[in-house]
Amino acid sequence: MSQAIVRLLVSRLLQAGLVAWAVGTLTFLLTRALPGDMAYRIAAGRYGYENVDRDAAQAVASELNLDSHPLSAYAHWLGDLLQGKLGHSLVSGEPVWQELGHQLGHSLDLALTAVVLALLIGPPLGMLAGLRRGKALDKASLVAATGLRSLPPFVIGLLLIMLFSVTLGWLPAAGHGTAAHLWLPALSLALGLAAVSARVSRNAMARVASAPFYAFAMTKGLSPQRTFWRHGLRNVGVPVVAYLGVQLIYLIEGVVVVESLFAWPGIGHALVHALVARDVPMVQGTALAMGLLFVALNTLVDLACLAIDPRRRPA
Amino acid sequence: MTTFTLTPRWLARRPNARYMGLVLLVLLLLFAWLTPWLFPADPARQNLLHTLATPSLSEPLGTDHLGRSQLARLASAIRLSIGLALLSVLSAAIPGVLLGVAAGWRGDWLDRGLGLVADCVLAMPGLLLVFMLAAMAPGQFWSLYVGIALVLWVEYFRVVRAATRSLVTSPQLQASRLLGFGKVYLFRRHLWPELAPSVLTLAAFGAANAVLAVAALGFVSIGLRPPTAELGLMMTELLPYYQEAPWVLLQPIAAVFLLVLSFQLLAGRDPR
C-alpha cells in the first residue's frame, strides 16, 4: 500500500516539475515573441500610453532582463521560477503570489462544486440506466450525454444564462459574492462532466450486472437492493473515479472559459485577462497554478482509486 | 481504467450513429461551401440601416448587430472551423501515427525519448497550451493551427505505440518478417488495418476538439480577431443583443453544436 502511494506521488511530482518547466519556457518564449519593443509595450500597459518615456521602458527592460542574451535570460527566467519568484503583475503592480492567493480559492470553490454536482447527477442516472439496459432511460441518457458533450462548457453556460437569468429571472447571470452566483457556473461545468460519468457508470453497471458473481448474489437470495449495495456500487465506483482523472482536463479547460463567461474572479479568468493584457508574470503565475491544480487533483483521484480498489495495491 | 480496444472493422460499432454523423457532416459541408455560390454576399460588409433584421427572403438568416449577412458569416465561420479542424487533425495524425509505429517497433531510446516528449505535452490540459501558443501571435490563423496540432498528435502517438508494441510480436507479422517482406509492406499489410479504426475514431474526436478549441479561443477573445467570422467570436459579439435578437445568437451556438455532434457521432463511441 505505502509503496504504491510513494511511487504514485513520485510520478506526480515529476509531472508537476514538467508543468513548471513547460509553463516557464512557454511564458519566456511569449516575452520574446511579443511584437514591437517589449519594454515600451509593457511600460505602456503599466503606466498608460501618455506616461511612457525611455526611462520607464529602460526600467521595465532591466526588471525583465530584456537586454541580455536569450540563453542567459532563459536560464535566469527558469532560475527565478525555481526559487518561486513569480514577480509582480504588470497591470496591477501587486505581487503575483498575492493575486493568485485570492483567485485560487474562488477557482477551487467552482471546480469542487462542479465535481460534486456532477457526481450527484451523473453516476446515479448512469447506474439506473445500466440496470435497465435498452429501456427508455438508457436511450434518453445516451441522447442527453451525446448532446451535452457536443456543447462546450461556455455554450452550456450561455444557454443556462438565457434560461435561468434572462427568461426566468431566477439566478444572477454573472458576478460573485452570494451562493446564488455559484449555481450557474458550477452547473455549466457539472452538466458536461455528468454526461460522461453517466455513460461511464452506465457501462460499468451493465458489465457488473451481467457478471457471474452478481447473478450468484441474486441466486443466493439477496434482494436487488442488497446485491447492488453489497456487490455493485464499489465495482462501478472504480471506473467512475478513474475516469474522473481523464475528465479533469475538461474541468480545468472548462474553468478557464466558464470563469470568463461568468466574470468569476478565479484563476482562469485571470489567465485570460493576463493573456489579453500581455501581463507576462501573471500569465506565468496563473498558467502555473492551473497546471499544478490539475496535477494535484489528479493525485487525489489516484489516491481515491487506490482506496476504493484493492486490486491496485500490491499484496 | 478503460483500456483502448481495437475495433475489428471500420463502422463495426454503432453503424447507425456513424452514418448519422456522416450525413450531418456532409450537410454542413454543403451548407458552408455552397452558400457563397447561391447567396454571394460579403461576410464583412456592413449595413447599419438593417441591423438585427429578422430572417427574410434576401437575408435567410437575418443580419447581425452591424447589419452583416448572417448567412454569409455563418457559412464562412463553418468553413473556417472545418478547415482548421481537418488541417490540424491531418497534421497531427500523420506524424503521430508514424512516430507511434517507430517508437513501438524500435523501442529502446527512441521509445523513451518520444515518450518523454509526449508526457511533457500531456502534463497540462491541452487548451492551456493552445491558449499560450495562440497568445504569442494573437489573431493569427497559424498559431491556432500549430497549437491545436501540437496538442492533438500525442493521442495518436500513445494509442498507436501501445497497439504496435503488441502487434509487432504477433505470429503473423513475425512470419511475414521471416519471409523477408520490407517494413513498408509490413506496415501496410499488418499494422495499418489494425490501427486504422482507432486512428479514425481518434481523428473524429480530434476534429471535435479542434472545433471546440477554436470556438473557446474566439469566445474569450484570444483567438482570431474581428471582423473574421468565427463561431466563438460571433457568440461574444452577439451576446449583448440577445434580448432583441435571440435567433441571431442561437445560430453560431447551433453551428458549434451540430459540428461537434457530427464528429462525435462519426467517432462511433461513447462521448468522452
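The values are calculated or read from the model by the stated rules, or taken from the named source; none is laboratory data. Everything numeric here is computed off the predicted structure, so don't read it as measured data. All Cβ positions, glycine included, derive from the backbone under ideal geometry; neighbour counts span all protein chains shown. These area figures cover heavy atoms from the full protein model, side chains too; ligands, DNA and RNA do not enter into them. Shrake-Rupley method; radii C 1.70, N 1.55, O 1.52, S 1.80 Å.
Kindly indicate which of A:Val208, A:Val240, A:Val196 is assigned to a helix (DSSP H, G or I), among the β-branched types (Val, Ile, Thr), touching a His at 6+ places or on another chain (Cβ under 9 Å) and closer than 28 Å to A:Ala304 by Cα.
Details: A:Val240 fails: touching a His at 6+ places or on another chain (Cβ under 9 Å); A:Val196 fails: touching a His at 6+ places or on another chain (Cβ under 9 Å).
Being assigned to a helix (DSSP H, G or I), among the β-branched types (Val, Ile, Thr), touching a His at 6+ places or on another chain (Cβ under 9 Å) and closer than 28 Å to A:Ala304 by Cα holds for just one of A:Val208, A:Val240, A:Val196, which is A:Val208.
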Exercise. Just a yes or no: is a residue in segment A:277-288 free of Cβ contacts under 8 Å to residues at least 60 places away in the same chain and either closer than 24 Å to A:Val155 by Cα or among the charged types (D, E, K, R) (or both)?
Worked result: no
Exercise. What are the residues in segment A:9-26 that are surrounded by fewer than 15 Cβ atoms within 10 Å (Cβ to Cβ) and more than 20 Å from the chain's Cα centre (by Cα), if any?
Worked result: A:Val10
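Take the conditions crowded, with 17+ Cβ neighbours inside 10 Å and modelled with pLDDT of 85 or more and apply them to B:Ser143. Does it pass? Steps first, please.
Working: crowded, with 17+ Cβ neighbours inside 10 Å: yes; modelled with pLDDT of 85 or more: no.
Criteria not met by B:Ser143.
Quick check on segment A:259-279: of everything there that is among the β-branched types (Val, Ile, Thr) and either under 15 Å from B:Ala123 (Cα atoms) or at the interface with another protein chain (Cβ under 10 Å from one of its Cβ atoms) (or both), which residue is surrounded by the fewest Cβ atoms within 10 Å (Cβ to Cβ)? Reasoning before the result, please.
Of all residues in segment A:259-279, those among the β-branched types (Val, Ile, Thr) come to A:267, A:272, A:276.
Applying the additional criterion that residues be either under 15 Å from B:Ala123 (Cα atoms) or at the interface with another protein chain (Cβ under 10 Å from one of its Cβ atoms) (or both) yields A:272, A:276.
Values: A:Val272: 23, A:Val276: 14.
Filtering first and then ranking leaves A:Val276.
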Problem set entry | Scan of segment B:90-140 for residues that are within 12 Å of chain A (Cβ to nearest Cβ), open to solvent by 30 Å² or more (accessible area, probe 1.4 Å) and either under 18 Å from B:Ala203 (Cα atoms) or in contact with a strand residue (DSSP E or B) (Cβ under 8 Å, 6 or more places away or on another chain) (or both), ordered by number | B:Leu122
For this session: Scan (1) at pLDDT 85 or above; (2) surrounded by 16 or more Cβ atoms within 10 Å (Cβ to Cβ); (3) within 13 Å of another protein chain (Cβ to nearest Cβ) for the single condition A:Ala173 breaks and write down its number.
Result: (1)
Exercise. Of the residues that make up segment A:108-130, is at least one within 19 Å of A:Leu292 (Cβ to Cβ), among the polar types (S, T, N, Q) and part of a helix (DSSP H, G or I)?
Worked result: no
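Mind listing whichever residues of segment A:51-68 are at pLDDT 70 or above and surrounded by fewer than 17 Cβ atoms within 10 Å (Cβ to Cβ)? Don't jump to the end; show me each part of the working.
Applying the first criterion (at pLDDT 70 or above) to segment A:51-68 yields A:52-63.
Within segment A:51-68, A:Asp53, A:Arg54, A:Asp55, A:Gln58, A:Ala59, A:Ser62, A:Glu63 meet the criteria.
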Exercise. Does segment B:205-215 contain any residue that is more than 28 Å from B:Ala72 (Cβ to Cβ) and either open to solvent by 10 Å² or more (accessible area, probe 1.4 Å) or within 13 Å of chain A (Cβ to nearest Cβ) (or both)?
Worked result: yes
Exercise. Among the helices (runs of 4 or more DSSP H) contained in segment B:164-231, which hold 3 or more residues that are among the polar types (S, T, N, Q) and more than 25 Å from the chain's Cα centre (by Cα)?
Worked result: B:171-178
Problem set entry | Where B:Tyr242 falls short, out of the listed (1) within 11 Å of another protein chain (Cβ to nearest Cβ); (2) under 23 Å from B:Leu25 (Cα atoms) | (2)
For this session: Please find, within segment B:216-238, the residue that is farthest from B:Val26 (Cα to Cα) out of those that are more than 7 Å from chain A (Cβ to nearest Cβ) and among the aliphatic types (A, V, I, L, M).
Result: B:Leu238
Exercise. Do we find that A:Leu137 is away from chain B (no Cβ under 14 Å), over 21 Å from B:Leu249 (Cα atoms) and in contact (Cβ under 8 Å) with a residue 40 or more places away in the chain in this structure?
Worked result: no
For this session: Scan segment B:177-189 and give yes if some residue there is open to solvent by less than 10 Å² (accessible area, probe 1.4 Å) and within 9 Å of chain A (Cβ to nearest Cβ), otherwise no.
Result: no
Exercise. Pairs under 7 Å by beta carbon, first residue in contact (Cβ under 8 Å) with a residue 24 or more places away in the chain in segment A:192-217, partner among the basic types (Lys, Arg), six or more apart or different chains?
Worked result: A:Gly192/A:Arg149; A:Ala195/A:Arg149; A:Val196/A:Arg149; A:Val196/B:Arg272; A:Ala206/A:Arg133
Exercise. Only one of these conditions is not met by B:Val154: (1) more than 11 Å from chain A (Cβ to nearest Cβ); (2) open to solvent by 10 Å² or more (accessible area, probe 1.4 Å); (3) closer than 24 Å to B:Ser88 by Cβ. Which number is it?
Worked result: (2)
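Does segment A:144-159 contain at least one residue that is away from every other protein chain (no Cβ under 11 Å) and in contact (Cβ under 8 Å) with a residue 24 or more places away in the chain?
Restricting attention to segment A:144-159, the residues satisfying the condition of being away from every other protein chain (no Cβ under 11 Å) are none.
No, the conditions are met nowhere in segment A:144-159.
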For this session: Being touching an Asp or Glu at 6+ places or on another chain (Cβ under 9 Å) and open to solvent by less than 50 Å² (accessible area, probe 1.4 Å) is the filter; apply it to segment A:124-141 and report the residue that is farthest from A:Ser188 (Cα to Cα).
Result: A:Gly130
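Can you tell me which residues in segment A:222-237 are open to solvent by 40 Å² or more (accessible area, probe 1.4 Å) and either assigned to a helix (DSSP H, G or I) or among the hydrophobic types (A, V, I, L, M, F, W, C) (or both)? Give the derivation first.
First, pick out the residues of segment A:222-237 that are open to solvent by 40 Å² or more (accessible area, probe 1.4 Å): A:222-226, A:229-231, A:233-235.
Within segment A:222-237, A:Leu222, A:Pro224, A:Gln225, A:Arg226, A:Trp229, A:Arg230, A:His231, A:Leu233, A:Arg234, A:Asn235 meet the criteria.
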